[in-house]
1. Assess whether GLU34 counts as being within 23 Å of ILE200 (Cα to Cα) and modelled with pLDDT under 90.
2. Might you let me know whether the stretch 170-188 holds any residue that is at pLDDT below 80, outside any helix (DSSP H, G or I), open to solvent by 30 Å² or more (accessible area, probe 1.4 Å) and in contact with a helix residue (DSSP H, G or I) (Cβ under 8 Å, 6 or more places away or on another chain)?
3. Check VAL203 against each of (1) modelled with pLDDT under 75; (2) part of a helix (DSSP H, G or I) and name the one condition it does not meet.
4. Could you pull out the residue among THR53, THR46 that is open to solvent by 20 Å² or more (accessible area, probe 1.4 Å) and at pLDDT 95 or above?
5. Enumerate the pairs (first residue in the stretch 41-54 and hydrophobic (A, V, I, L, M, F, W, C); second residue anywhere and surrounded by fewer than 17 Cβ atoms within 10 Å (Cβ to Cβ)) with beta-carbon separation below 8 Å, excluding pairs fewer than 6 apart on the same chain, so at least 6 apart or on different chains.
6. Only residues that are hydroxyl-bearing (Ser, Thr, Tyr) and under 15 Å from MET118 (Cα atoms): list them for the stretch 191-213, please.
7. Here are some residues: LEU41, LEU89, LEU71, LEU83. Which one is among the aliphatic types (A, V, I, L, M) and under 19 Å from the mean Cα position of the chain (by Cα)?
Amino acid sequence: MDPLIPSTGWNSDGLDAACAYVGLLHAEVESTLEEMVGIILENSRTVTFHYQTHPVLMNCVLHYRARINGLAPELDIIPAKGLLKKDPLLLIKAWDNHVKPYFSLMVEKNHGAGVKYMEKMLHPLGVVVNEKAFRRFEGQGVSKISSIRKVGMVELMELASLRGVAMHGNSRAARARLSITTPENIAARGAMSVSCMRQIATVLAKDTWKAGR
């Protein structure tokens, strides 16, 4: 059965298939980004342990320190930046005992849509998604390592847009947003989203590697 009926648009089967496709794409993109972040953090810890302090790990610990100090300054469980820079093992201890569980929970609970999702995942690492939003993290001591604004913004917006649709599942809202498209359009937007993730992965791999040298 042809999923597109020219006189009326999508038929029901076609919309079901489109919702399923966008949902699968969303799950794959989310899984890929989360795995990528996990690899970067593990590599940053390894570099810090064996060679020198990695700025990504430092960024994450300083972000956590700022949050904790803002909520309960009397705890003071994370040493100051100067001490962390002098002693990589102190940085690793702070990461292993306090910050890593926080980031694991953040990844697990981060189900927002689009660019906001990526900001929450990447800004603490020092990866800029939105310059204005990143300034708050700079105020916490997080330094810029990379920027995915090097990635084509059209592709980035397509990724965000399709992710937003997928968050609604096969609901009336998702079907309404997809009903004004065509199968060819959805396939092209999916390809752009995959291209976006490939570009993000390339940028992050190169820049985080250079930062740790």
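The values are calculated or read from the model by the stated rules, or taken from the named source; none is laboratory data. The structure presented is a predicted model; accordingly, all values stated were derived computationally and were not measured. Positions of Cβ are generated from backbone atoms using ideal geometry, with glycine treated the same way; all protein chains shown enter the neighbour counts. All accessible areas refer to the heavy atoms of the entire protein, side chains included, with ligands and DNA or RNA removed. Shrake-Rupley method; radii C 1.70, N 1.55, O 1.52, S 1.80 Å.
1. Judged against the criteria, GLU34 is a match.
2. Within the stretch 170-188, one or more residues are at pLDDT below 80, outside any helix (DSSP H, G or I), open to solvent by 30 Å² or more (accessible area, probe 1.4 Å) and in contact with a helix residue (DSSP H, G or I) (Cβ under 8 Å, 6 or more places away or on another chain).
3. All conditions pass for VAL203, except number (1).
4. THR46
5. Close Cβ pairs (under 8 Å, with a partner that is surrounded by fewer than 17 Cβ atoms within 10 Å (Cβ to Cβ)) amount to PHE49/LEU89.
6. Within the stretch 191-213, the first condition is being hydroxyl-bearing (Ser, Thr, Tyr), and the residues that meet it are 193, 195, 202, 208.
Of everything in the stretch 191-213, just one residue is hydroxyl-bearing (Ser, Thr, Tyr) and under 15 Å from MET118 (Cα atoms), namely SER193.
7. On the way: LEU89 fails: under 19 Å from the mean Cα position of the chain (by Cα); LEU71 fails: under 19 Å from the mean Cα position of the chain (by Cα); LEU83 fails: under 19 Å from the mean Cα position of the chain (by Cα).
Unique residue meeting the criteria: LEU41.
Conditions (1) open to solvent by 60 Å² or more (accessible area, probe 1.4 Å); (2) closer than 18 Å to ILE145 by Cα, marked per residue:
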| position | (1), (2) |
| --- | --- |
| GLU28 | yes, no |
| GLU35 | yes, no |
| GLU42 | yes, yes |
| MET58 | no, yes |
| ALA66 | no, no |
| ASN69 | no, no |
| ALA80 | no, no |
| ASN110 | no, no |
| ASN130 | no, yes |
